[in-house]
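J.: Sharing a structure with you now.
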Amino acid sequence: MTKIFFDTEFTGLHQETSLISIGLVAENGRSFYAEFNDYNKDQVDEWLQKNVIDKLLYNDYNQFNNFKSNRDDYTVTMKGNSKEIKEALETWLEQFDYIDMWSDCLSYDWMLFNNLFGSAFDIPDNINYIPFDICTLFKILDIDPDINREEYIGLPFSENKHNALHDAKVIKECYYKLNSAYHRKVINKRALVSKKH
């Protein structure tokens, strides 16, 4: 079982939204980052332009492919259309036996991930059809789910915020910190129960 942490940037919080970029990072550090050249540009508002589009890595390119095939550091960075990105992502995902997908607040991320493959029935077979998110972990641990993620993991302000790969890496670090906090909470609770008996 491999956990893959992922994030997407897209053209708005509405039903007709389209992917601008996607970033995934696995537990072993291998990563996939892609920027789409076929997102709906009519849906881009001033905030998206300033905070997402202007910060894309490959704004000067319509196509860009950088595949590192070394299995010790299997990373993909690319820009292309949805079909090209889907095919590259399918190939990248093949290296993992079975995958749990983790996101931040995954409503849009998971829907767009599924749409990239056609539907939820078309995602690769090695991906668990049940996604997970760190917002739920924050809530379970009585931490405000709206907390600043970078501050939570002790990361100074980053210009890379709203870059899908950067955000996926932040999600990964939040997961590990939350998981550790959860286990401490369980151990403390068991210790209290033991003392009462």
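J.: How big is the equivalent ellipsoid of the range 70-181 along its three axes, where each semi-axis is √(5λ) from the Cα gyration tensor, reported in whole Å from largest to smallest? Write out the running numbers ahead of the final one.
T.: On the way: eigenvalues 135, 59, 39 Å².
One finds semi-axes of 26, 17, 14 Å for the range 70-181.
J.: Angle check, please: helix 82-93 long axis (alpha carbons) against the longest principal axis of the chain (alpha carbons), in degrees 0 to 90, nearest 10.
T.: 40
J.: For Rg and Dmax of the Cα atoms in Å, several values are listed as (1) 15.8, 46; (2) 18.1, 67; (3) 18.6, 61; flag the one computed from this structure.
T.: (2)
J.: Students often forget the sequence filter, so: which aspartates and glutamates lie under 14 Å Cα-Cα from K41 once same-chain residues fewer than 8 apart are removed?
T.: K41 reaches E9, E16, D54.
J.: With labels modelled as points extended 7 Å from the Cα through the Cβ direction, what inter-label distance (nm, one decimal) is found for D54 paired with M1?
T.: Taking the two extended label points, one gets 4.3 nm.
J.: Separate question: Report the gain in length on full extension from E94 to N126: 0.36 nm times residue separation, minus Cα-Cα distance, nm rounded to one decimal. Before the final figure, lay out each step's value.
T.: Details: separation 32, 0.36 × 32 = 11.52 nm, distance 0.78 nm.
Value of the extension gain: 10.7 nm.
J.: Based on the alpha-carbon gyration tensor of the range 1-104 and its eigenvalue square roots a ≥ b ≥ c, which shape applies: rounded if a/c is under 1.5, prolate if not and a/b is larger than b/c, or oblate? Each step should come with its number before you reach the end.
T.: Values: a/c = 2.16, a/b = 1.58, b/c = 1.37.
Here the range 1-104 falls in the prolate category.
J.: Let me ask something else. Hey, what angle do you get for helix 164-196 against the long axis of the chain, alpha-carbon based, 0 to 90 degrees rounded to 10?
T.: 10
J.: Next question. Please tell me which of these pairs span more than 19 angstrom C-alpha to C-alpha: K3/K169; K3/K172; K55/K79; K86/K169; K55/K86? Could you put the intermediate results ahead of the total?
T.: Numbers: K3/K169 12 Å; K3/K172 9 Å; K55/K79 14 Å; K86/K169 21 Å; K55/K86 22 Å.
Pairs exceeding the cut-off: K86/K169; K55/K86.
J.: On to the next question. Once both axes come from the Cα atoms, what is the angle between helix 107-117 and the longest principal axis of the chain, in degrees from 0 to 90, rounded to 10?
T.: 50
J.: By per-residue mean of other Cβ atoms within 10 Å, what is the highest-first order of 11-17, 103-109?
T.: On the way: 11-17: 12.1, 103-109: 19.6.
Highest mean packing first, the order is 103-109, 11-17.
J.: Tell me, in nm to one decimal, what length is gained between Y61 and S107 on full extension, where the rule is 0.36 nm per residue of separation less the Cα-Cα distance? Each step should come with its number before you reach the end.
T.: Numbers: separation 46, 0.36 × 46 = 16.56 nm, distance 2.99 nm.
That works out to 13.6 nm of additional length.
Here, each number is a calculation from the coordinates, and none is a lab measurement. Not measured: the values here are computed from a predicted model. Note: ideal-geometry Cβ built from the backbone for every residue, glycine included; neighbour counts use all protein chains shown.
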